[in-house]
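The values are calculated or read from the model by the stated rules, or taken from the named source; none is laboratory data. Given the structure is predicted, the values throughout are model-derived calculations rather than measurements. Cβ atoms come from the backbone with ideal geometry, glycine included; neighbour counts cover every protein chain shown. Protein only, heavy atoms only, side chains kept; ligands, DNA and RNA dropped before computing areas. Shrake-Rupley method; radii C 1.70, N 1.55, O 1.52, S 1.80 Å.
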Amino acid sequence: MQVRVLLFASVAEAAGTREWLLEVGEHARVSDAWSRVESQLPELAEILRSTRVARNGKLASLDDELVDGDELAILPPVGGG
Amino acid sequence: MFAIVSEAINVRAVAAALEAKSAGGIVTFVGIVRGHADDGRAVLGLRYEAFEPLALAEFEAIGREARDEYGVLAIAIVHRIGSLCVGEVAVAVAVAAEHRGAAFDACEYAIDELKRRAQIWKKELYADGDAQWKRNE
């Protein structure tokens, strides 16, 4: 299955892109996609530990199962206002 | 009104858009780009990004909570994204209430919660050429 991962702020800068397409297995969960991001960006380990993940525009938990075509967003610690 | 915009915020228009016929007071907070960081370094500007679907959903949730908690009549939250210079308005929160106490309290609540929860990020650009993504404490 394929999922789209949206990246922002420091994570997007480190990755050099604002979007990744990931191939994941049939019964993959959010945690699997998140681990792939983590392994691609070891230098961001500290920030990634404080990130949250959204799935299709809503905050998700790592246990959530993925569906083909899902859009994930990796959300670093916020800094608005 | 809950919005994320890329152009300059018209603060008067944000307050004017509040629909509250029995309002006795309107409180507006305006967040402005400062020329120095907390550590004293000279700042040239800020760059803001947002995950808009979630950020807007958070604005709406904050608006509902402010109305439920403080009984205010109407609330507007507008945040700007993109590149901002020192002195420009980054965010405006306007609240209408029957009485000023609730309006002040709700306005403070809304901006505090926005800074705590909204999926928005800011990068400080320093005069010495350095830049840093800043997280809210």
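Ligands, DNA and RNA left out, the 1.4 Å accessible surface of chain B is 49% carbon and sulfur atoms. On a per residue basis, the protein assembly as shown carries 50 Å² of accessible surface, using protein heavy atoms and a 1.4 Å probe.
Rounded to two decimals, the Cα radius of gyration of the protein assembly as shown over 2.2 N^0.38 Å is 1.12. Restricting attention to region B:21-137, the count of lysine pairs at 8 or more positions apart or across chains with alpha carbons under 19 Å apart stands at 4.
Only protein heavy atoms count here, probed at 1.4 Å, and on that basis chains A and B bury about 1700 Å² of accessible area in total. Inter-chain Cβ neighbour count for A:3-13, averaged per residue, equals 3 (cutoff 10 Å, partner chain atoms only).
Other residues with beta-carbon under 11 Å from the beta-carbon of A:Leu44 carry, at +1 per Lys or Arg and -1 per Asp or Glu, a net charge of -3. Take each residue in B:115-124, count the other chain C-beta atoms within 10 Å of its C-beta, and the mean is 5. Here, region B:40-137 yields an orientationally averaged convex hull projection of 6.8 nm² when only Cα atoms define the hull. Angle between the Cα long axis of helix B:100-117 and the longest principal axis of chain B, 0 to 90 degrees, nearest 10? Once rounded, the angle reads 40 degrees. For chain A, the carbon plus sulfur part of the accessible surface works out to 46%, probe radius 1.4 Å.
The convex hull around the C-alpha trace of chain A, projected and averaged over every direction, spans 5.0 square nanometres. Once you reduce region A:25-75 and region B:37-90 to the center of their Cα atoms, the two points are 25 Å from each other. Report the charge-dipole magnitude of chain B in Debye, nearest 20, computed about the Cα centre from +1 at each Lys and Arg Cβ and -1 at each Asp and Glu Cβ. About 220 debye. Across peptide A:69-80, the average count of Cβ atoms from other chains found within 10 Å of a residue's Cβ is 6.
The value of relative contact order for chain A, using C-alpha pairs under 8 Å at least six residues apart, is 40 percent.
Charge dipole of chain A (Cα centre as origin; +1 on each Lys and Arg Cβ, -1 on each Asp and Glu Cβ, all else neutral): 280 debye, rounded to the nearest 20.
In the complete set of protein chains, residue-level accessible area for A:Thr51 is approximately 20 Å², probe 1.4 angstrom.
Amide H contacts of A:Asp70 (H built 1.01 Å from N, in plane; Pro and chain starts excluded): A:Arg4 sit under 5 Å, all sequence-distant by 5 or more or on other chains.
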